[in-house]
Amino acid sequence: AQSVSQHNHHVILSEAASLELGCNYSYGGTVNLFWYVQYPGQHLQLLLKYFSGDPLVKGIKGFEAEFIKSKFSFNLRKPSVQWSDTAEYFCAVIPSGTYKYIFGTGTRLKVLA
Amino acid sequence: DTAVSQTPKYLVTQMGNDKSIKCEQNLGHDTMYWYKQDSKKFLKIMFSYNNKELIINETVPNRFSPKSPDKAHLNLHINSLELGDSAVYFCASSQDASRGEQFFGPGTRLTVL
């Protein structure tokens with residue numbers, strides 16, 4: 001079955017630290033990839049997306065993600081986190097030819113001021 | 001203007017009751033979704049409608065029934081509520097079901113006592 005794995009369930013960082021959140025998917029074909037963020041008490045919002053082209057994707061709020069096809073990965077990065085980045089982060093995949101979004105289990109990020 | 005709205009925001013009810021959650025989007029999107037987010041923040045797709053046609057119907061109890069009176073609305077009706085139905089239910093919409101960014105509503109927190 002197709003699945004999305006986010007290995008880090010909880011991450012605690014100090015402000016200005018660098019962030020990398022892992023995301024791996026299990027599907028051999030073409031996929032569209034997304035990262036969403038859910039701030040406390042709020043709904044999910046899109047951070048960035050990848051469909052094709054340059055595997056390094058820039059998103060909002062200084063986030064970026066790199067698609068590595070050979071590793072089935074789409075890791076999220078930010079060079080310097082802020083307290084306001086405290087949130088739950090979800091990786092999601094749509095296998096090509098399907099309509100089904102598959103979400104990862106989420107990573108809870110806490111940034112200490 | 002709210003892009004994707006849900007009512008009610010909170011719903012507290014007794015086991016065995018029947019309840020509905022309403023969702024409306026004013027983005028002109030063709031596709032709408034219902035997701036369930038459990039207490040561990042795991043987000044699972046339940047249903048999706050594209051132009052009022054059901055395109056995703058995941059393994060959920062048949063006590064859950066979606067209804068799409070038109071493209072802008074997707075309601076969720078739940079019969080004979082059980083304790084395990086307690087969760088946050090998110091509605092979402094997208095322009096392109098196979099690759100598009102999803103816009104999420106604020107969520108409905110359902111508590112079954």
Once the principal axes of the Cα atoms of the stretch B:1-81 are found, what is the range along each, listed largest first in whole angstroms? 36, 28, 26
Would you mind getting me the FRET efficiency between residue B:111 and residue A:39? Use the beta-carbon distance for r and R0 = 25 Å, nearest 0.05. 0.70
Karplus-derived 3J(HN,Hα), 6.51/-1.76/1.60, for each residue of the stretch A:40-49, Hz, glycine and proline x: x, x, 10, 8, 6, 10, 6, 8, 6, 8
Round to a whole number: what % of the accessible area of the protein assembly as shown belongs to carbon and sulfur, probe 1.4 Å? 51
Over all residues in A:36-44, what is the mean tally of Cβ atoms on other chains that come within 10 Å of each residue's Cβ? 4
Using the Cα gyration tensor of the protein assembly as shown, the equivalent ellipsoid's semi-axes, largest first and to the nearest Å, work out to 29, 21, 16
Take each of the peptides B:82-92, B:15-25, average the number of other beta-carbon atoms within 10 Å over its residues, and list them starting from the highest. B:82-92, B:15-25
Straight-line reach from residue A:61: which aspartates and glutamates have a Cα under 16 Å away, not including same-chain ones fewer than 8 places off? A:15, A:20, A:85, A:88
Debye intensity ratio in log₁₀ form over the Cα atoms of the stretch A:22-67, taken at each q of 0.32 Å⁻¹: -1.27
Within the P(r) computed for the stretch A:6-113, what percentage of the Cα pairs occupies the region above 17 Å? 50
Averaged over B:98-111, number of beta-carbon atoms from partner chains that fall within 10 Å: 4
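A 27 angstrom limit on the alpha carbon distance is what I want to check against. Which of B:9/B:52; A:49/A:100; A:110/B:71; A:69/A:110; A:58/B:52; A:100/B:40 exceed it?
As for pairs spanning more than 27 Å Cα to Cα, those are A:110/B:71; A:69/A:110; A:58/B:52.
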Relative contact order, percent, chain B [alpha-carbon distance under 8 Å, six or more residues apart]: 37
Long-range amide H partners of residue A:23, meaning residues 5 or more apart or on another chain whose placed amide H is closer than 5 Å, are A:74, A:75, A:76
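Once you have the Cα-Cα distance between residue A:100 and residue A:7, take 0.36 nm times their residue separation minus that, and quote the gain in nm to one decimal.
Values: separation 93, 0.36 × 93 = 33.48 nm, distance 2.17 nm.
The residue A:100-residue A:7 span can extend by a further 31.3 nm.
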Karplus ³J(HN,Hα) for the stretch A:5-15 (6.51 cos²θ - 1.76 cosθ + 1.60, θ = phi - 60°; Hz, whole; x = Gly/Pro) runs 10, 10, 6, 8, 8, 9, 10, 10, 10, 8, 3
Cα centre as origin, Lys/Arg/Asp/Glu Cβ charges: chain B dipole, Debye: 280
Between the modelled labels at residue B:95 and residue A:20 (7 Å from Cα along Cα→Cβ) the distance in nm is 3.4
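The values are calculated or read from the model by the stated rules, or taken from the named source; none is laboratory data. Predicted model only: the values in this text are computed from it and were never measured. Cβ atoms come from the backbone with ideal geometry, glycine included; neighbour counts cover every protein chain shown. We work out accessible area using only protein heavy atoms, side chains counted, and drop any ligands, DNA or RNA first. Shrake-Rupley method; radii C 1.70, N 1.55, O 1.52, S 1.80 Å.
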